[in-house]
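The values are calculated or read from the model by the stated rules, or taken from the named source; none is laboratory data. Small disclaimer: the values here were computed from a predicted structure and weren't measured. Don't worry about glycine lacking a Cβ; one is built from the backbone with ideal geometry, like all the others, and counts go over all protein chains shown.
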Amino acid sequence: MNHARILLVEDEPNLRRTLTDLLRSDGYLVESSGDGVEGQELATKNPFDLIILDVMLPSRDGFEVCRCLRENGVNAPVLMLTARNELNNKVQGFKAGSDDYLTKPFETPELEARIEALLRRASRGARNQLKSYDFDGIHVDFARSELTKNGKSTALGEREARLLRYLIERKGTILSRDELLQEVWGYKSIPLTRTVDVHIAWLRQKIEDDPKNPRHIVTVHGQGYRFGR
Ligand code: CA
């Protein structure tokens with residue numbers, strides 16, 4: 001049985017009910033909403049493995065919902081449902097950060113196949129991520145978001161853990177603030193913010209013997225940050 005969690009945001013009651021029943025019978029855990037703003041809230045507050053988003057929705061359309069989710073760092077794959085006559089939808093959907101789309105009306109085996117493919121791709125991505133890392137007497141457990149230094153454990157915030165993993169996975173490479181904001185925070189356009197520097201400072205407090213003279217997370221003046229030499 002597949003216990004992946006799916007959020008369905010679709011405002012046509014019959015279609016919502018039919019798809020919910022179908023996906024539940026496939027073994028998925030399904031929550032649904034018929035409203036854009038409510039759907040976005042559900043997706044932000046709960047860890048879904050996949051989100052199915054209709055384009056035409058009350059209160060906020062699917063593109064806007066998708067864009068907001070990506071800006072808030074929600075990375076679950078998004079499958080957009082578009083009507084046949086909405087020609088520009090495909091392009092718009094990808095710009096908004098969706099992963100795939102399906103044109104209405106569709107056959108349910110087609111939907112099921114798309115869902116399986118998206119979930120497979122997402123879990124492959126997750127498996128390839130670094131689970132833990134050891135350096136200079138420090139152990140980082142990414143699964144538990146925990147860092148142990150000199151036998152003392154410290155919790156890492158979710159964003160701190162993602163930032164540290166991103167730096168370590170690319171050690172020796174200079175990473176710009178813009179890249180970090182896009183890849184770790186999920187921003188599509190780059191806001192003016194000190195958030196990267198603030199999170200780097202927090203990580204240094206936890207990692208470095210002397211945070212003012214960091215040896216592990218190094219500042220490369222005018223360019224960004226680098227993990228290691
Ligand atoms: Ca609709």
(message) Looking only at residues that are over 16 Å from the mean Cα position of the chain (by Cα), aliphatic (A, V, I, L, M) and within 15 Å of Leu23 (Cα to Cα) in segment 90-131, which one is modelled with the lowest pLDDT?
(response) Ala117
(message) Would you confirm whether or not segment 52-72 contains a residue that is of a type in the set (Ser, Thr, Tyr), away from the ligand (no atom under 11 Å from the Cβ) and either surrounded by fewer than 17 Cβ atoms within 10 Å (Cβ to Cβ) or closer than 18 Å to Ala96 by Cβ (or both)?
(response) yes
(request) Would you kindly identify the strands (runs of 3 or more DSSP E) lying entirely within segment 141-229 that contain at least 2 residues that are farther than 18 Å from Leu130 by Cβ? (result) 152-155, 217-220
(request) May I ask you to list the residues in segment 1-30 that are more than 16 Å from the ligand (Cβ to nearest atom) and surrounded by fewer than 16 Cβ atoms within 10 Å (Cβ to Cβ)? (result) Met1, Asn2, His3, Arg5, Asp21, Leu22, Arg24, Ser25, Gly27, Leu29
